[in-house]
1. Modelling each spin label as a point 7 Å along the Cα-to-Cβ direction, I'd like the Arg176/Thr289 distance in nm, to one decimal.
2. If each of Lys314 and Thr163 carries a label point 7 Å out from its Cα toward its Cβ, how far apart are those two points in nm?
3. Contact order normalised by length for the chain, with contacts defined as Cα pairs under 8 Å and 6 or more residues apart; what percent is it?
4. Translational diffusion coefficient of region 185-314 at 4 °C, 1.567 mPa s, Stokes-Einstein with Kirkwood Rh over Cα pairs, in µm²/s as a whole number.
5. Accessible area per residue, 1.4 Å probe, Å², for the chain: what's the number?
6. Using the Kyte-Doolittle scale, which helices in the chain average at least -1.0 and also have C-alpha atoms spread 27 Å or more along the helix axis, with helices defined as whole DSSP H runs?
7. Could you order the peptides 189-202, 9-22, 274-287 from most to least packed, using the average number of other C-beta atoms within 10 Å per residue?
8. Quote the convex hull volume per residue of the chain, based on C-alpha atoms, as a whole number of Å³.
Amino acid sequence: MTKLADWLRAETSDQDLTGVMISMAAAGAEIAAVLRQAPIAGQTGLAGSDNVQGEAQKALDVISNDIVLNHLRASPAVSILVSEELDEAVDLSSQGRLIVATDPLDGSSNLDVNVTVGTIFSILPSDGGLLQTGQAQLAAGYVAYGPATSLVVRISGATSVFTLDDTGEWVLTVNRAAVPVASGEFAINTARERFWDAATKGYVRESVEGETGAAGKRYNMRWVGSMVADVHRILMRGGIFLYPLDSETISKGGRLRLLYEANPMAWLIEGAGGRSSTGKQGILDVVPTDIHQRVPVILGSAEEVARIEAWYAKS
Ligand code: AHG
Ligand code: MN
Ligand code: MN
């Protein structure tokens, strides 16, 4: 059985990167323990505050953010933390070589109903500043708090999956994940159809037509409403996730955030042989202008991403 620390030693000689990965894994294990007890502790409700994006914070959004912040404060390698739950970037160690961007609790609307949520993170070099493209990422990962607690990480090579055991150890369970090139599953919030652009409408219509339409095969639809859960399913068995630009989100640039949702997820999926796109360019090539910037997100099995890109090219 390969443990996280052994895998990290084989994957990189960068002690700072290793230290931050260990800190984020420890934060994930601590958040998992809090989530398991949250309904008993009465923590599943609102915090009574809004974040910078104007979203009502859940108590667990704030608790998870504090857990990540505390673990990274103890890590001298981190210069700055950017978080969905913090209006401004937080200065940590002045000597730190690394920037961390995080969504400490993704999918928090699912907390009340005991459905999978997650923690997403991206690690960038400090000398590139806060507004670097996703291509500059040195590492990324997410923790999925589901029936099992999974940690998905990528440093330089491929994306691998660890599972938290009952002694608190992260054990390698998928060495080098591989997103299937083809898939018959798509994930999109279809209640937003009236806001969609022509490409999204065309792609989904063709999928729903199944073997009777131009795609020539049957599709199934899945939408958890936690990006981490939807992306983890796609990592493990293929599919496509779409949160495209639509007429309602266009003024904000999209729904999901570039630095701590889209970039780490795109980089992890690409590390497993999948693809990612805004529809018009690679997500990892988008140059940020703001730390909380939003972006259209399409990612998953290469053939499906190519199929919607073809719709964008002709529309
Ligand atoms: P967060 O809980 O961090 O604000 O993110 C929620 C995101 C993402 O997890 C999910 O894919 C999407 O919002 C769901 O959006 P809809 O409510 O439109 O389905
Ligand atoms: Mn999120
Ligand atoms: Mn969140």
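The values are calculated or read from the model by the stated rules, or taken from the named source; none is laboratory data. Fair warning: this is a prediction, and the values are worked out from it, not measured in the lab. Backbone-built Cβ (ideal geometry, glycine too); neighbour counts: all protein chains shown. Surface areas here come from the heavy atoms of the whole protein model, side chains and all, with no ligands, DNA or RNA. Shrake-Rupley method; radii C 1.70, N 1.55, O 1.52, S 1.80 Å.
1. Result for the modelled spin labels: 4.1 nm.
2. It works out to 4.3 nm between the two label points.
3. Reported relative contact order: 16 percent.
4. So the translational diffusion coefficient is about 89 µm²/s.
5. Normalised by residue count, the accessible surface of the chain is 41 Å².
6. TM-like helix candidates: 15-41.
7. Answer by packing, highest mean first, reads 274-287, 9-22, 189-202.
8. 125
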